[in-house]
Structure formats: C-alpha cells, structure tokens
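The values are calculated or read from the model by the stated rules, or taken from the named source; none is laboratory data. This one's a predicted model, so the numbers in the text were calculated from it and none came from an experiment. Every residue, glycine as well, gets a Cβ built from its backbone with ideal geometry; the counts of neighbours run over all protein chains shown.
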Amino acid sequence: MMKSESKLPPGQYESETFYRFGLTPFANRFPRQLDQVVFEITGDVAQPMSISEVFSKLPRVEQTSDFHCVTTWSFKSLRWSGVRFSEFYDKIVKAKALPAEDIGFVILRAQDGYRTCLPLADLLAEDVMLADQLNGSPLTLEHGAPVRLVAPAHYGYKNVKYICGFEFRRDNKLYRPSGFRFMDHPRARVAMEERAKFGPGWLFRFLYRPLVKPTVKKFQQAMRNYQESKSR
Ligand SMILES: Nc1nc2c(c(=O)[nH]1)N[C@H]1C(S)=C(S)[C@@H](COP(=O)(O)O)O[C@H]1N2
Ligand SMILES: [Mo]
C-alpha cells in the first residue's frame, strides 16, 4: 500500500513495523471476550448500562491515519474501519444512558485492565473512531481485538485497545491512570508534543526512545507465550 506523504509530528520517526506495544505491565494481559462487543456505560449517567448493539446500529466509516506512540515511533497510513465516536455518543449514549449535560471527561477502560482518560470534546473530534477492522481485516489480538479507540491526534497511549467501558464524568477527580501519573498528560496531543504531564515534551523523546526496543521484545514474547498457551 502507498504510504502517505504526511510529515511526521515533532520528535517522531517512521517505523517499518506496526508493533504490538503498550505499558509493559500489560504485555501479558489479554482480552477474554473476543466474539462479542459489550460496552459498560457508567459514571454521571441517569441510566448506567451494558450496550452490545453498536456496530449494527451505526454507519460504518473508514479512515486512513498515522499512529504515533509517545516513545517516538510512528506508523503511517493505517486504514481503520468502524464507527465514529461522536455517532456512538450522540445516537447511543445520549439516547439510552442519559448522561449529564455537562460531561467533561471520559474514562476509557479495557479488558486487560488498562485505562486512560480524555476530554469528551477531544473524543467528539471528526477523526476519532471505535474501530473493529484494520487494513480490511478484523482487528487482531496484537492491535486491540475486538474493538479499540482510534484517536490519531493523540499519542498511542490514549488509543485504548480491547476497549470495554466508558465512564462519563463531569470532572476527572476520580480518575487514576494505569501508569505513572507524570506519564499521563490529560490530552496528549501529538501536534503539541504533550508527551507527559510535566516538563517540556521534547525532553521525553530522549527518555522514552531507549524503551522502544525492550518494550517491543517484551510484547512479542508475551504474544508468543499466549499463543502457545492457547494451542496446548
Ligand atoms: N488496553 C490497552 N490499550 C493500550 C495499551 C495497553 O497496554 N493496553 N497501550 C497503549 C500504547 S502505549 C500504545 S503505543 C498503543 C499500541 O497499540 P498497538 O499495540 O496496536 O501498536 O496502544 C495503547 N493502548
Ligand atoms: Mo505508546
């Protein structure tokens, strides 16, 4: 496939491989529920609920976007298919779960225990998706099956894989990040190099870059172990 000519954001380099990647404590954790998509909707909503009909109820959209991990690798031109988060919010969450008028933040939860948080306004952007397909095939386990968040304007760590829950909140007081607090910028916008909560973003290029290789290795080994355990 033709790669886009898009310029990379500040401090990023182009990777040849779309790695399985993440926070190392999550390398050995995998989703249990792969065949059916069920989202838990909680928080400041009148009607907390589980929702399973998302992909059948909303228009399918496709988009090609680049992916940027905070540790400085980027992978260009990924073709995602799924539904727009804004459609999901307007047509399903608002209609059924009845969120408060002044929701400010969404805590995103995954089947491996991972969680992160983004302002609702950022999630409502045109290019934010709940994706269940990548490059014409169903999402693989490596990349977040059965469904992941795709938010190309935000670093990889906001692009939650194995997504299973949305906690809609007026504020983010109750939110506790998965990793170290300093690592979790409330927005993590790639264009602004919001790599970490404190300090200049560019500084973290040099702190994070040496972590890429060992992290990739750890995630690859974890994947092999998992596949072996499944085939036994
Ligand atoms: N559930 C879950 N989602 C996650 C992570 C994780 O460990 N668990 N890691 C994040 C990070 S740091 C990155 S860079 C991307 C990596 O996505 P990929 O494995 O599809 O390349 O997933 C993000 N979403
Ligand atoms: Mo990342």
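Selection of segment 168-217 for residues being part of a loop (DSSP other than H, G, I, E, B) and exposed (fewer than 14 other Cβ atoms within 10 Å of the Cβ) yields Asp171, Lys173, Leu174, Arg176, Phe180, Ala191, Met192, Phe198, Gly199, Pro200.
Residue-wise test of (1) in contact with a Phe, Trp or Tyr (Cβ under 7 Å, 6 or more places away or on another chain); (2) modelled with pLDDT of 95 or more.
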| position | (1), (2) |
| --- | --- |
| Ala188 | yes, yes |
| Val216 | yes, yes |
| Met223 | no, yes |
| Lys230 | no, no |
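Out of curiosity, is Asp112 crowded, with 20+ Cβ neighbours inside 10 Å and in a loop (DSSP other than H, G, I, E, B)? Taking the combined requirement at face value, the residue satisfies it. Listed by first and then second residue, the pairs linking a residue in segment 197-209 that is free of Cβ contacts under 8 Å to residues at least 40 places away in the same chain to a residue that is surrounded by fewer than 18 Cβ atoms within 10 Å (Cβ to Cβ) and outside any helix (DSSP H, G or I), with Cβ atoms under 9 Å apart and 6 or more places separating them unless they lie on different chains, are Lys197/Pro186. Please work out which residue is nearest to Arg29 (Cα to Cα), limiting yourself to segment 128-167 and to residues that are surrounded by 23 or more Cβ atoms within 10 Å (Cβ to Cβ) and more than 16 Å from ligand 2 (Cβ to nearest atom). Per the criteria, the residue is Val147.
Based on this model, can you work out whether Lys91 counts as among the basic types (Lys, Arg), more than 20 Å from Pro152 (Cα to Cα) and without any contact (Cβ under 8 Å) to a residue 40 or more places away in the chain? Criteria met by Lys91. Looking at the structure I just gave you, is Asp66 of a type in the set (Asp, Glu) and assigned to a helix (DSSP H, G or I)? So Asp66 does not fit the description; no.
Counting only residues that are free of Cβ contacts under 8 Å to residues at least 24 places away in the same chain and of a type in the set (Gly, Ala, Ser), segment 12-60 holds 3 of them. Between Arg170, Arg189, the distinction of being in contact (Cβ under 8 Å) with a residue 24 or more places away in the chain, under 29 Å from Phe88 (Cα atoms) and more than 20 Å from the chain's Cα centre (by Cα) belongs to Arg170 only. Within segment 46-79, being β-branched (Val, Ile, Thr) and either buried (at least 19 other Cβ atoms within 10 Å of the Cβ) or touching a His at 6+ places or on another chain (Cβ under 7 Å) (or both) holds for Val54, Val70, Thr71, Thr72. Any idea which residue in segment 123-158 is nearest to ligand 1 (Cβ to nearest atom), counting only those that are in contact with an Asp or Glu (Cβ under 8 Å, 6 or more places away or on another chain), more than 24 Å from Ser52 (Cβ to Cβ) and assigned to a loop (DSSP other than H, G, I, E, B)? Per the stated criteria, the residue is Tyr155.
Residues of segment 1-43 that are more than 13 Å from ligand 2 (Cβ to nearest atom), hydrophobic (A, V, I, L, M, F, W, C) and under 17 Å from His143 (Cβ atoms): Met1, Phe30, Leu34, Val37. Thr64: more than 9 Å from ligand 1 (Cβ to nearest atom) and either free of Cβ contacts under 8 Å to residues at least 24 places away in the same chain or closer than 20 Å to Val216 by Cα (or both), yes or no? Spelling it out, it is not the case that Thr64 is more than 9 Å from ligand 1 (Cβ to nearest atom) and either free of Cβ contacts under 8 Å to residues at least 24 places away in the same chain or closer than 20 Å to Val216 by Cα (or both).
Scan Gly43, Gly82, Gly11, Gly22 and give me the residue that is surrounded by 19 or more Cβ atoms within 10 Å (Cβ to Cβ) and in contact with a Leu (Cβ under 8 Å, 6 or more places away or on another chain).
Sole residue among the options that is surrounded by 19 or more Cβ atoms within 10 Å (Cβ to Cβ) and in contact with a Leu (Cβ under 8 Å, 6 or more places away or on another chain): Gly82.
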